[in-house]
Each structure stands twice: as structure tokens, then as C-alpha cells.
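The values are calculated or read from the model by the stated rules, or taken from the named source; none is laboratory data. Since the model is a prediction, treat every value here as computed from it, not as a measurement. Cβ placement follows ideal geometry from the backbone for every residue including glycine, while neighbour counts extend to all protein chains displayed.
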Amino acid sequence: MKTSNVFWGVLLLVLGGMFLLNNLNIVSIHLGEVWQFWPLILVFWGISALVKDTRARWIAAAVTAVVIAVLAFSLFSFRWVGCNGDDSEAAVEAQHLSEPYEPSITSASLTIGAGAAKVTLEGTSDQLLDANTRSSIGDCILTSSGGEGRRDLRLEIPGKGHRLSFRRATNEATIRLHQSPTWDISLGAGAASAELDLRPFDVKNVDVEAGATSVKLSLGMPKDETEVRIEAGASSITIEVPEQAACTISIDAPLSSKDFEGFEKVEGGHYETEGFSEGAGTIRISIRAGVSKVRVVRV
């Protein structure tokens with residue numbers, strides 16, 4: 001039997017079995033934590049490539065398939081996340097969180113911590129931050145710090161570290177920001193769906209640490225330079241950049257699919273837009289990913 005047959009057979013068997021158990025309300029997984037085990041894919045894939053013993057290669061391929069199946073199950077099932085292991089629907093609590101804007105604030109940061117959640121950042125506000133949340137698994141918490149001219153915000157969305165089963169629940173946040181400050185944006189997500197439309201804002205840094213997550217990031221034309229750093233496990237990542245911006249991509253993702261239309265490959269995992277060194281308004285993107293789908297689009 002070929003190693004590839006073992007891999008695909010085990011992958012489909014485990015994935016199908018998990019979805020069946022999910023439909024029977026049996027499966028329960030720490031969604032916010034399972035993504036941390038994606039490096040096991042590289043370990044056992046490497047073992048299967050190095051060892052000559054057929055049985056050992058079968059075992060390594062089978063373990064690789066199991067890990068990928070669990071990650072894929074987490075990625076495609078988080079939209080039906082529930083909690084507490086019962087069949088009743090928990091009450092949905094709505095919150096409105098805000099931080100006032102002061103003209104003296106010239107720079108600000110927003111750190112978003114999310115476990116299993118849907119996060120949307122779109123639109124502007126006359127407040128520094130304005131957020132509407134809906135959750136059936138807990139309250140969101142907004143904290144603020146910083147001195148004159150600077151404000152650092154942290155929004156914690158429930159779900160991280162909770163033991164969740166795949167029944168319906170609500171856990172979402174919609175965020176709006178003030179246009180005036182220069183922003184640093186950070187997102188730490190386990191099993192989440194995130195759409196961050198940063199086109200109206202002057203953004204200096206964007207940091208994303210994603211597990212089994214779907215991320216769409218839209219960037220505006222930078223006044224000077226925007227740095228984007230992404231670390232992902234088993235995720236779907238789409239980044240939209242202005243067509244007129246000078247953009248460079250550095251990527252380390254040997255097991256991921258890549259689509260960089262409009263970019264020229266310079267060497268290895270380095271890509272640039274045509275005439276990058278002469279362009280104004282620079283976007284630098286750095287990506288490290290496991291088994292992910294990565295796409296950068298010029299719009």
C-alpha cells in the first residue's frame with residue numbers, strides 16, 4: 001500500500017468520523033488551543049520522508065493525517081460553536097464599549113484577544129474606539145492605558161480557554177475607530193473569523209497571530225510605511241493592498257498555497273511589486289504559516 005493512500009484514507013476517515021460525532025453532539029474540543037499543535041504536521045511529515053521502513057512511514061503519514069483532520073475540523077466548524085455541553089441555547093448579551101477621543105491623542109494601539117469569535121473592524125467613529133458586541137458565552141472587556149499623546153487599548157473577547165462543543169452560540173464584535181491617530185493593530189485569535197478593514201486609517205503596524213482562523217485584511221495607502229506581520233497555523237489569509245502602493249512580501253510557508261498576483265518573485269520566499277524600490281507609500285508583509293491558504297491581492 002502506498003504511503004499517500006494511507007494518508008488520504010486516514011484523513012478522510014478521521015475527518016468524516018469527527019463530523020459525524022459532531023452531528024450526534026458527542027465531540028468536544030478546546031478550539032482556542034488545538035491550533036497550537038500544527039507543528040506536529042511538519043514533524044511527522046518529515047519523519048515519513050526520512051525513514052525507509054514502510055511501516056514507520058505509514059504510521060507517520062497516519063499521524064500527520066489525524067492532526068490535519070483535527071485542525072480542518074476546528075477551522076470549518078467554529079461557526080457552530082456552543083458552550084457548556086447542554087442542548088439549550090444560552091442567552092445572548094449585547095454590550096456597547098467605547099473609549100473617548102481627545103485631540104491630544106496622536107498615536108494609539110488596539111490589541112484584540114479572541115478565542116472562538118467573529119471579529120469585524122470597519123467604519124469610523126467620533127470616539128477613539130466604539131464597539132458593539134453580542135455573546136452567549138461571556139462579557140467582553142475593554143481596558144485603556146497610556147500617557148499624553150498616546151493611548152493603548154485592549155479588547156478581550158470571550159472564548160479563549162473555554163471548553164466548547166460544536167453547538168450554536170453567538171460570539172461577535174464589531175469595532176469602529178477614530179481616523180486621526182496613527183494606529184498599531186494586533187489580533188490574537190484561536191478559532192475565529194476576522195475581517196479588518198483598515199483602509200480609512202493611518203496604520204503603522206499590523207500583527208496577527210492566528211490558529212484555525214479565516215482572516216481578511218484590507219489596507220489603505222500608507223502615508224509612509226506599514227509593517228504587516230502574520231503568524232498562522234491552519235488558516236485562510238487574504239490581504240488586500242492598494243495597487244499603487246510599493247509592496248514586498250517575505251513568506252515562510254512551505255506547506256501553504258500562495259497566490260500573489262501582480263508580484264514578482266525576487267528569490268526564495270521574497271516577492272515585490274514592479275518598481276518597488278522607487279515607489280512611495282510602502283507596505284512590508286511578513287508571513288509565517290503552517291498549512292494555510294495565503295493570498296495577497298492588489299486592488
Original post:
Is it the case that Val208 is outside the structural domain of Phe73 (by TED's automatic domain parsing), surrounded by 21 or more Cβ atoms within 10 Å (Cβ to Cβ), free of Cβ contacts under 8 Å to residues at least 40 places away in the same chain and under 29 Å from His178 (Cβ atoms)?
Top reply: yes
Original post:
What is the one condition in (1) part of a loop (DSSP other than H, G, I, E, B); (2) closer than 21 Å to Leu187 by Cβ that Pro254 does not satisfy?
Top reply: (2)
Original post:
Restricting attention to region 215-233, which residues are within 20 Å of Leu42 (Cβ to Cβ) and surrounded by 19 or more Cβ atoms within 10 Å (Cβ to Cβ)?
Top reply: Ile230, Ala232, Gly233
Original post:
Among the numbered criteria (1) within 30 Å of Thr226 (Cα to Cα); (2) modelled with pLDDT of 70 or more; (3) within 24 Å of the chain's Cα centre (by Cα), which single criterion is violated by Phe19?
Top reply: (1)
